[in-house]
Amino acid sequence: MALKSELLKIPGAHLYYELQGSGPLLLMIPGGPADAGVFAPVAAILSNHYLVVPYDPRGNSRSVLDGPAVDQDMNVHGDDAARLIEALSREPANVLGSSGGAQIGLNLAARHPRLVRTLVAHEPPCLELLPDATEQRAFMNAVLDAYRKDGAGAAMLKFQEGTGLNVPPPSNVSPEVMEMFARIGRNFDFFFAHGVKPISSYLPEVETLRSGSPRIVVGVGETSKGQLAYRAAFALAGRLGIEPASFPGGHNGFGEEPAAFAERLHQVLARG
């Protein structure tokens, strides 16, 4: 189905989002320095069942800030997602959040529960819930030290090493994918200067989320066992008193195995 793109004016920024398909709203929130483009393959498949709306979180890629960059705030991000849902649907939305985007989704679900039908929080880096949270705080501080000393490239290498996400980029990709990687690469400075610490230190409102409304599903990748975000997702699921849902692929399974990931996500959402 045809893809359209729009901008929504929000306090302090313009929010870029894409629309594809028809049906109940499925909002997709990317993580870290990523943008809506990472969901393109899975969004195209799911547009047969939903109005699929991936977006660029404020400060990333095409969601340009009105003023100078400031440290990211999960409450602000959660409000951004709420405004987008309110602008596009009169009914509660299904939401897929990936990594840091799952942290945004958890904030959205806790603070704006009436707007969410089901949240699938796929491998949220809730590092404060881990038994070795002190060690992980030290790791994130080391990433920031690397950024301040040697720049975004050095910080990304340390980040990938510590999280287990050191995946080589694909080869023989389309010009559209190359353009997406270039956009995301330009977000690295913003991510390390203003995002990585607030995202990783965010502690979801577990007691609020345990209420059962909205429905929360914590996703983990079949091939990411042992990685930092996988461990954090299990910790969150344990606090919520639920079993994690397994999804094809790893931390970025929606891009690695889009057809299988889309099928699994549709199954999960249908159960709600």
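Only the coordinates and a few stated rules stand behind these numbers; no lab work does. Worth saying up front: this structure is predicted, and the values here are computed from it rather than measured. Note that we place each Cβ from the backbone using ideal geometry, even for glycine, and neighbour counts take in every protein chain shown.
Computed quantities for the displayed model
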{"quantity": "HN-Hα J in Hz across region 69-81 - Karplus 6.51, -1.76, 1.60, θ = phi - 60°, x for Gly and Pro", "calculated": "5, 10, 4, 5, 10, 5, 5, 5, 4, x, 5, 4, 4"}
{"quantity": "Protection proxy ranking, peptides 251-262, 117-128, average beta carbon neighbours within 10 Å, highest first", "calculated": "117-128, 251-262"}
{"quantity": "For region 157-163, Karplus couplings with θ = phi - 60° (6.51, -1.76, 1.60), whole Hz, Gly/Pro x", "calculated": "4, 5, 4, 5, 4, x, 8"}
{"quantity": "Partners for residue 225 among lysines (Cα-Cα distance below 18 Å; same-chain residues under 8 apart left out)", "calculated": "none"}
{"quantity": "Residues of type lysines that residue 149 reaches as a straight line, Cα spacing below 30 Å, ignoring anything fewer than 8 places off in the same chain", "calculated": "158, 197"}
{"quantity": "Whole-number percent relative contact order across the chain, with pairs defined as alpha carbons under 8 Å at least 6 apart", "calculated": "21 percent"}
{"quantity": "Nitroxide proxy distance, nm - points 7 Å out along Cα→Cβ at residue 161 and residue 145", "calculated": "1.2 nm"}
{"quantity": "Spin-label pair residue 6/residue 86, simplified geometry with 7 Å Cα→Cβ offset, distance in nm", "calculated": "1.5 nm"}
{"quantity": "Rounded FRET efficiency, nearest 0.05, which uses the C-beta distance separating residue 154 from residue 225 and R0 of 25 Å", "calculated": "0.35"}
{"quantity": "Loop-located trypsin sites (Lys or Arg not before Pro) in region 1-100 whose Cβ has at most 11 other Cβ within 10 Å (DSSP)", "calculated": "90"}
{"quantity": "Relative contact order, percent, region 129-272 [alpha-carbon distance under 8 Å, six or more residues apart]", "calculated": "21 percent"}
{"quantity": "Peptides 213-224, 34-45, 178-189 ordered by average Cβ neighbours within 10 Å, highest first", "calculated": "34-45, 213-224, 178-189"}
{"quantity": "222 nm mean residue ellipticity, helices alone, for the chain (DSSP H n ≥ 4; -39,500 (n - 2.57); rounded to 500)", "calculated": "-13000 deg cm²/dmol"}
{"quantity": "Residue-wise HN-Hα coupling along region 226-234, computed from phi with Karplus coefficients 6.51, -1.76, 1.60 (Hz; x: Gly, Pro)", "calculated": "x, 6, 4, 5, 4, 4, 5, 5, 5"}
{"quantity": "DSSP-defined antiparallel bridges as percent of all bridges, the chain, nearest 5", "calculated": "35 percent"}
{"quantity": "Summed side-chain charge close to residue 208 - residues other than residue 208 whose Cβ falls under 15 Å, Lys, Arg +1, Asp, Glu -1", "calculated": "+3"}
{"quantity": "Net +/- balance of residues flanking residue 5 in space, Cβ distance below 11 Å, scoring K and R +1, D and E -1", "calculated": "-1"}
{"quantity": "Residue 213 paired with residue 176, simple spin-label distance in nm, labels 7 Å along Cα-to-beta-carbon", "calculated": "4.0 nm"}
{"quantity": "Local electrostatic count, residue 231, Cβ distance below 14 Å [Lys/Arg +1, Asp/Glu -1]", "calculated": "-2"}
{"quantity": "Under 16 Å from residue 4, Cα to Cα: aspartates and glutamates that are on another chain or at least 8 residues apart", "calculated": "18, 35, 56, 176"}
{"quantity": "Length gained when the stretch residue 186-residue 128 is fully extended (0.36 nm per residue, less Cα-Cα span)", "calculated": "18.1 nm"}
